[in-house]
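Data block below; observations after.
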Amino acid sequence: MRMKERRRAEEISCSIIRMLRAASGGWVSGKAIGDALGISRAAVWKHIQHLRSMGYRIEASTRLGYRLLGPEPVHLHIPKHLCSRLIMLESVGSTNDFAREIASESESWTVVIAEVQTAGRGRLGREWLSPPGGIWMSIILKPMAAPSEAFRYTMAASVAVCRSLRDLYDLNARIKWPNDVLVNGRKICGILTEISAELDIINHIIIGIGINANMSASSLPEEWNATTISAELQREIARGELITRVLEEMRALLESGEVYQEWVRLSDTINRRVRVQGFGDVTGLAVSLEPDGALILRRDDGNLIRILAGDCIHLRSAEQSTGAGPQAEEVSRYA
Ligand code: BT5
C-alpha cells in the first residue's frame, strides 16, 4: 500500500473505533458505519478485521453489526489538575514523536496518550510493541534545569510506575538499571527519555512510558521475558486510575527531592551479578548507583568501573561463574 492509501486506511480504522466507542459498548450497524464514512459494508468488514488483528476486541453480528468490547476510555479518570493538557489519540506512530512535534509550543506537563502505537520505539531505535490495552504515553516537561540533571526525571518516572504497581495492585515491582520496571523478573514497563537542550539549559524533556497493562502475555514474544499487569493479576485494570497514580507520584517525587534515594531503594540490580553491554561488554557485581544514574560495577579483577548507559542483563545462577567479558577493558576506558 502506498503511504497516502495507508494513511487513509488508518484514518478510516480510527473513525470506526471512534464510532464504536461513542456507542459505549452498544451495537453499531455496518450500514451506519459505511454510510458515515462513504465506504461499502465489505470495506467496513475489512477494516474491522484489520482492527482485530491490531488487538481490538470487536464482536460482530450479521443482524446487529459491531460492538467494541473494551478497552475502556482512559481519559475519563484522569483529573484535570495533573496535566496542563491531555491529548488522547486512537493511533499514532509514537507518542514520543508526536510530543516532540508539539513540544516547543506546549506547556510543561502536557501528556500525550495513544491507544495504539504503530511505530513505538525503545532505546537505540529498537521496536516497542504497543497493542491496544496497554498504556503508551509521553509527558512533556520543561524544567529550569541543566542537561546533566535530565536523568532525575527518568528516575522519577520509573520510581512512580514502580510505586503505583506496588500500591495499587500489590505487585512485586522493582527497577532494573537503568529504568526498566520488572515484576517478578519480567519486564512490564519501559521508559524512553529524549531531551532537547542547549549547553547549559534544557529546552524540553519527553518522557515516554510504556506499561503492559490489559494485554495478554502471549501478545509479546516469549524470548522478551515480558509480562503484563492483566497476566499477573488475572484480571483487567482501570488504566485511567493507574495513569493518574503515576502522574501524582511523579509530581510528588520531583517536588520532594527523594527521587534518587527511592530509585536506589527500589533497584533490583544492586548486589546482583550483571552483564552490561553498551560501549563494550562487561560482567561483574553491581555495587552501587550514583545520583547521575551511573552504575558502579566491580569487575572480576577487582577494578571498579562506572557505566553511564547500556543494556543490563541480570545473570541467573547458571551464568554467575562467567568472568568479565573479553572487551571489558574497552568499557573501562569509557567509564
Ligand atoms: C524501552 O526500550 O524499554 C523503552 C520503551 C519505551 C516505550 C514508550 S511507549 C510511549 C513512548 N513512545 C514510544 O515510541 N516509546 C515510549 P529498550 O530498553 O530499548 O527495550 C526495547 C526492547 O524491549 C525490545 O528490543 C524488545 O526486546 C522489548 N520489548 C518491545 N516491546 C515490549 C513490550 N511491550 N513489553 C516488554 N518488552 C518489550
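The figures follow:
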read-out	value
Filter result for Arg166 (open to solvent by 50 Å² or more (accessible area, probe 1.4 Å), free of Cβ contacts under 8 Å to residues at least 60 places away in the same chain and within 14 Å of the ligand (Cβ to nearest atom))	no
Residue match in the stretch 202-213 (condition: closer than 23 Å to Arg123 by Cα and either surrounded by fewer than 18 Cβ atoms within 10 Å (Cβ to Cβ) or free of Cβ contacts under 8 Å to residues at least 12 places away in the same chain (or both))	yes
Residue within the stretch 89-96 that is in contact with a Cys (Cβ under 7 Å, 6 or more places away or on another chain), buried (at least 16 other Cβ atoms within 10 Å of the Cβ) and not hydroxyl-bearing (Ser, Thr, Tyr) present	yes
Which numbered condition Ser148 fails, given (1) over 15 Å from Thr193 (Cα atoms); (2) open to solvent by 20 Å² or more (accessible area, probe 1.4 Å)	(1)
Unique residue being exposed (fewer than 15 other Cβ atoms within 10 Å of the Cβ), over 22 Å from the mean Cα position of the chain (by Cα) and assigned by TED's automatic domain parsing to the domain that holds Leu247 when the list is Glu101, Glu105, Glu127	Glu105
Filtered residue count, the stretch 150-196, keeping only those that are part of a helix (DSSP H, G or I) and among the basic types (Lys, Arg)	3
Residue satisfying condition, being at pLDDT below 95, within 13 Å of the ligand (Cβ to nearest atom), closer than 21 Å to Met54 by Cβ and of a type outside the set (Asp, Glu), within set Asn179, Asn214	Asn214
Filter result (in a loop (DSSP other than H, G, I, E, B) and without any contact (Cβ under 8 Å) to a residue 40 or more places away in the chain) within the stretch 110-149	Ala119, Arg126
Residue list for the stretch 17-55, restricted to those being within 24 Å of Asn212 (Cα to Cα) and open to solvent by less than 70 Å² (accessible area, probe 1.4 Å)	Ile17, Leu20, Arg21, Gly25, Ile48, Leu51, Met54, Gly55
Count - residues of the stretch 225-255 that are of a type in the set (D, E, K, R) and free of Cβ contacts under 8 Å to residues at least 12 places away in the same chain	2
Ile58 vs. criteria surrounded by 13 or more Cβ atoms within 10 Å (Cβ to Cβ), over 19 Å from Gly93 (Cβ atoms) and either assigned by TED's automatic domain parsing to the domain that holds Ser219 or under 32 Å from the mean Cα position of the chain (by Cα) (or both)	yes
Complete set of residues in the stretch 187-228 that are among the small types (Gly, Ala, Ser) and touching a Phe, Trp or Tyr at 6+ places or on another chain (Cβ under 6 Å)	Gly210
Meets criteria (in contact (Cβ under 8 Å) with a residue 12 or more places away in the chain, of a type in the set (Asp, Glu), within 18 Å of Cys312 (Cα to Cα) and surrounded by fewer than 19 Cβ atoms within 10 Å (Cβ to Cβ)) for Asp268	no
Extreme residue, modelled with the highest pLDDT, among residues of the stretch 287-324 that are of a type in the set (Gly, Ala, Ser) and over 30 Å from Ala157 (Cβ atoms)	Gly302
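The values are calculated or read from the model by the stated rules, or taken from the named source; none is laboratory data. Keep in mind that what you see is a predicted model, and the values were worked out from it rather than measured. Ideal geometry is used to build each Cβ from the backbone, glycine not excepted, and the neighbour counts take in all protein chains shown. Side chains are part of the model used for accessible areas, which takes the heavy atoms of the whole protein and leaves out ligands, DNA and RNA. Shrake-Rupley method; radii C 1.70, N 1.55, O 1.52, S 1.80 Å.
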